[in-house]
Amino acid sequence: MKHSNKFISMFICCIAALGSIICSPERLCAQNRAITVYQYRHVPGDKTEEFIKRETTYWSKVAEKAAKDKTMTFWALLEKVGGYDLPNSSNYLFINTFPDIDKAPSVFSDVETVAGVKMADMETFSMSTVTSEFYLHDENWAQDAKAAPEKDFNYVVMNYHNTNYADSLIKLEKVYWQPFIQKAMDNDQTPQTAWGNAVVLAPLGDDIKFTTVSYDLYKTLQDALMPHWDPKTVFPVKGLGIINKTEVSRRGIAVYKVIKVVTAPD
């Protein structure tokens, strides 16, 4: 996983205040038009083993074929670590990135041939419930220059930011946080192995408590839950203060274990 493997990598366009779901013409010309889909699912405890088996055995093959055909650039299955109200909340997250969202249905047009089994033997909807689905656009990405994704991208801390000025928050993180975390990772001042952010395209509204997402990657669960810093680390205090002022509520945080990832060939 290089830059294209960003995790969740994964998301979105720009939004701010009234125009929060409309990107400026300048930005649309300057950035790629890929769309990332976050699909959250709840799987009962007695179904998780079969669910993971089917997804990693059969649906990953579908993703691999789509990646080769360039109709999908990223597919990942993440398993939530911990949580609350577990019987009524999602415990798995799919992240799918499409270069052209309108061509996404073609990925799933002949899955039985690709997977080599009948749909009845590979489908997972009957053993799970989709609790929510979001469309996002990836914005920025940084990773430790020494990181080996297959070994070092094992846990993802998802940070859900709620702001009325999503585009501004994304830009501020690019100015203040991205260069800081890049240097900190490269200089071994943190166990974090990668960072990225994204902006939510839809749905949006009063019931949706986040408009951007940032994600921190770690090698171990210990580091994901209790990240530590070199005592000599100099934080961008001023920049962090500006970023915090754009947020209107406390951030939501969830930790995920990486189960399976498929990325497009370089």
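For the range 158-173, a residue qualifies if it is touching an Asp or Glu at 6+ places or on another chain (Cβ under 8 Å) and outside any helix (DSSP H, G or I), and the qualifying residues are N159, H161, N162, T163.
The helices (runs of 4 or more DSSP H) found entirely in the range 111-157 that carry 3 or more residues being touching a residue at least 24 places away in the same chain (Cβ under 8 Å) are 111-115, 149-152.
Here's the yes/no breakdown for (1) at pLDDT 95 or above; (2) among the acidic types (D, E); (3) closer than 19 Å to E139 by Cβ; (4) touching a helix residue (DSSP H, G or I) at 6+ places or on another chain (Cβ under 6 Å):
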position	(1), (2), (3), (4)
T163	yes, no, yes, yes
A184	yes, no, no, no
P191	yes, no, no, yes
D207	no, yes, no, no
D216	yes, yes, yes, no
Q222	yes, no, no, no
V248	yes, no, no, no
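Among the residues making up the range 94-152, those that are within 18 Å of the chain's Cα centre (by Cα) and among the aromatic types (F, W, Y) are F94, F98, F134, Y135, W141.
The values are calculated or read from the model by the stated rules, or taken from the named source; none is laboratory data. Given the structure is predicted, the values throughout are model-derived calculations rather than measurements. Virtual Cβ from ideal backbone geometry, glycine too; neighbours counted across all protein chains shown.
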